[in-house]
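Reading through the structure tokens given below for one structure.
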Amino acid sequence: MKGPIQSVEVSYLLHQTEDPVKVQAAVGDLLGVKSGPETESLEGHFGNEIVRARFHLTGEDAEAAFKGLVSRMPGGMKKEIAAGISAFLDEHSAFFLRLDKQRLVGGSLALSGGDSVRIKVKPRIFMLKGGARQFYLGLLGVG
């Protein structure tokens, strides 16, 4: 039987001052993937190069990535997400997290609103019997 997660998409922006190898290694470690992301070169406001990096995982890879992420989350982070779970969900029952990119490179997880690693988790819709809130709270182990 297939698990509850359909896909996980992770994306982030790399500025010229950042070490792409360090950021990719930290994100790859978080997701449990060895391959590199898809990249796209963009131009910043002042003509500087910005690289958009994206991982798209499906099936067992998505399941493993989400479980790995949840297992590394500190209890306080899980409680913070649980307290405001609706703010992390969209109208299609996708779950969104923004993690502090610099803290991730440093080896820890923290929520962020600024320069972040964006994570989008799509569920298998048929598994949302109790609704998206209860579904994700259960996966986070706080519901």
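A few remarks follow.
- The number of residues in segment 93-137 that are farther than 18 Å from K79 by Cβ, touching a Lys or Arg at 6+ places or on another chain (Cβ under 7 Å) and of a type in the set (K, R) comes to 2.
- Residue check for L89: under 21 Å from A26 (Cα atoms) and surrounded by 13 or more Cβ atoms within 10 Å (Cβ to Cβ): no
- For V70, the conditions (1) within 23 Å of G3 (Cβ to Cβ); (2) crowded, with 18+ Cβ neighbours inside 10 Å; (3) touching a helix residue (DSSP H, G or I) at 6+ places or on another chain (Cβ under 7 Å) all hold with the exception of (2).
- Counting the residues of segment 27-51 that are over 19 Å from R103 (Cα atoms) and either among the charged types (D, E, K, R) or touching a Pro at 6+ places or on another chain (Cβ under 9 Å) (or both) gives 7.
- Out of G44, G75, G3, one residue alone is at pLDDT below 95 and surrounded by 15 or more Cβ atoms within 10 Å (Cβ to Cβ). It is G3.
- Taken over segment 101-136, the criterion of being hydrophobic (A, V, I, L, M, F, W, C), farther than 30 Å from P20 by Cβ and out of contact with any helix residue (DSSP H, G or I) (no Cβ under 6 Å at 6 or more places or on another chain) is satisfied by I125, F126, M127, A132, F135.
- Residues (of a type in the set (A, V, I, L, M, F, W, C) and touching a Ser or Thr at 6+ places or on another chain (Cβ under 6 Å)) located in segment 39-57: V51, A53
- Annotation: R54 fulfils all but one of (1) surrounded by fewer than 18 Cβ atoms within 10 Å (Cβ to Cβ); (2) over 16 Å from K120 (Cβ atoms); the unmet one is (2).
- Residue that is modelled with the lowest pLDDT, among those in segment 92-125 that are surrounded by fewer than 16 Cβ atoms within 10 Å (Cβ to Cβ) and within 23 Å of T58 (Cβ to Cβ): I125
- Looking only at segment 107-128, residues that are of a type outside the set (S, T, N, Q) and touching a strand residue (DSSP E or B) at 6+ places or on another chain (Cβ under 7 Å) come to 12 in all.
- For segment 19-39, taking the residues that are in contact with a strand residue (DSSP E or B) (Cβ under 9 Å, 6 or more places away or on another chain) and in contact (Cβ under 8 Å) with a residue 60 or more places away in the chain, the one that is nearest to L69 (Cα to Cα) is identified as L30.
The values are calculated or read from the model by the stated rules, or taken from the named source; none is laboratory data. Predicted model only: the values in this text are computed from it and were never measured. Counting neighbours? That spans all protein chains shown, and the Cβs are built from the backbone with ideal geometry, glycine included.
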